[in-house]
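Every number in this text was worked out from the coordinates using simple rules, so none of it is lab data. Keep in mind that what you see is a predicted model, and the values were worked out from it rather than measured. No Cβ is skipped: glycine too gets one built from the backbone with ideal geometry, and neighbour counts run over all protein chains shown.
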Amino acid sequence: MAILPLIIAPDVRLKTKSEPVAVIDDSIRALALDLFDTMYHERGIGLAAVQVGELKRVLVADVNWRDDDDTPGKQYILINPEILEDSGDDHVYKEGCLSFPDQFADVVRPSTVRVKYLNIKGESIEETFEGILATCIQHEIDHLNGIVFVDHISSVKRDMITRKLIKMKKAGMFEPHVHGPNCSHDHDHGHDDHDHEHVHGENCNH
Ligand code: NI
């Protein structure tokens, strides 16, 4: 298991469609564990494989882990997920993304989705997701299709976020390094000061 470096936007890989998983083997099982390690370390609630540079249709989510003293909540691993139907309503959440550090925006999505996917044992599952989990899963499935949350907002706001990230990159704020338990930098910055009015978007990094 390992904490992997994240891809930070703008990056062409985040605009690329991921490939279906043909066989769920040890490499996929290891990838799923690494995704959880990386997600928990970065204090996100969901992560897609593309965000660590693996263009495979694998995502993980755990929207409850913060509630209980960092103990993992219900862990989801979705392989080759497909949205079968959605509730068709307009539900607004303020989303963030670990690939867009410190950036947040209101995104409109259906509040409920029915999803077909393979679990880590390769069993075909159909499941209905609601609430934050529905938002999270839709956000992560978007990643597998080369879509990021800012693609859902106005081009003005999107350009603003992109310019900020380019500036932060130039300033060397995201120099790639392998995160470990002894990282000296604080991944939980601002968490206590943050406005908790918003639903923590799947990949909030505060
Ligand atoms: Ni994301």
Residue within segment 91-108 that is surrounded by fewer than 19 Cβ atoms within 10 Å (Cβ to Cβ), out of contact with any Phe, Trp or Tyr (no Cβ under 9 Å at 6 or more places or on another chain), free of Cβ contacts under 8 Å to residues at least 40 places away in the same chain and not β-branched (Val, Ile, Thr) present: no
Index of the failed condition, residue 106 passing every other in (1) out of contact with any Asp or Glu (no Cβ under 9 Å at 6 or more places or on another chain); (2) closer than 23 Å to residue 166 by Cα; (3) not β-branched (Val, Ile, Thr): (1)
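Here's the yes/no breakdown for (1) in contact with a Cys (Cβ under 7 Å, 6 or more places away or on another chain); (2) surrounded by fewer than 16 Cβ atoms within 10 Å (Cβ to Cβ); (3) within 24 Å of residue 160 (Cα to Cα):
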{"position": "9", "(1), (2), (3)": "no, no, yes"}
{"position": "12", "(1), (2), (3)": "no, yes, yes"}
{"position": "29", "(1), (2), (3)": "no, yes, no"}
{"position": "32", "(1), (2), (3)": "no, no, no"}
{"position": "36", "(1), (2), (3)": "no, no, no"}
{"position": "50", "(1), (2), (3)": "no, no, yes"}
{"position": "57", "(1), (2), (3)": "no, no, no"}
{"position": "60", "(1), (2), (3)": "no, no, no"}
Top-ranked residue of segment 74-90 - restricted to ones that are assigned to a strand (DSSP E or B) and free of Cβ contacts under 8 Å to residues at least 60 places away in the same chain, ranked as surrounded by the most Cβ atoms within 10 Å (Cβ to Cβ): 77
Candidate set: segment 26-54, residues that are out of contact with any helix residue (DSSP H, G or I) (no Cβ under 7 Å at 6 or more places or on another chain) and among the aliphatic types (A, V, I, L, M); chosen: the one nearest to the ligand (Cβ to nearest atom): 39
Check on residue 159, within 13 Å of the ligand (Cβ to nearest atom) and of a type in the set (D, E, K, R): no
Filter pass, residue 23 being hydrophobic (A, V, I, L, M, F, W, C) and closer than 30 Å to residue 160 by Cα: no
Single match in 149, 129 (criterion: surrounded by 14 or more Cβ atoms within 10 Å (Cβ to Cβ), on the phi < 0 side of the Ramachandran plot and in contact with a His (Cβ under 7 Å, 6 or more places away or on another chain)): 149
Search result, residues across segment 85-116 that are more than 20 Å from residue 158 (Cα to Cα) and touching a helix residue (DSSP H, G or I) at 6+ places or on another chain (Cβ under 9 Å): 86, 87, 110, 111, 112, 113, 115
Contacts under 8 angstrom Cβ, first residue in segment 45-73 being among the polar types (S, T, N, Q), partner part of a loop (DSSP other than H, G, I, E, B), 6 or more apart: 51/6; 51/7; 51/98; 51/99; 51/203; 64/73; 64/74
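Yes/no matrix, rows are residues, columns are (1) part of a loop (DSSP other than H, G, I, E, B); (2) of a type outside the set (S, T, N, Q):
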| position | (1), (2) |
| --- | --- |
| 21 | yes, yes |
| 29 | no, yes |
| 32 | no, yes |
| 37 | no, yes |
| 47 | no, yes |
| 71 | yes, no |
| 108 | no, yes |
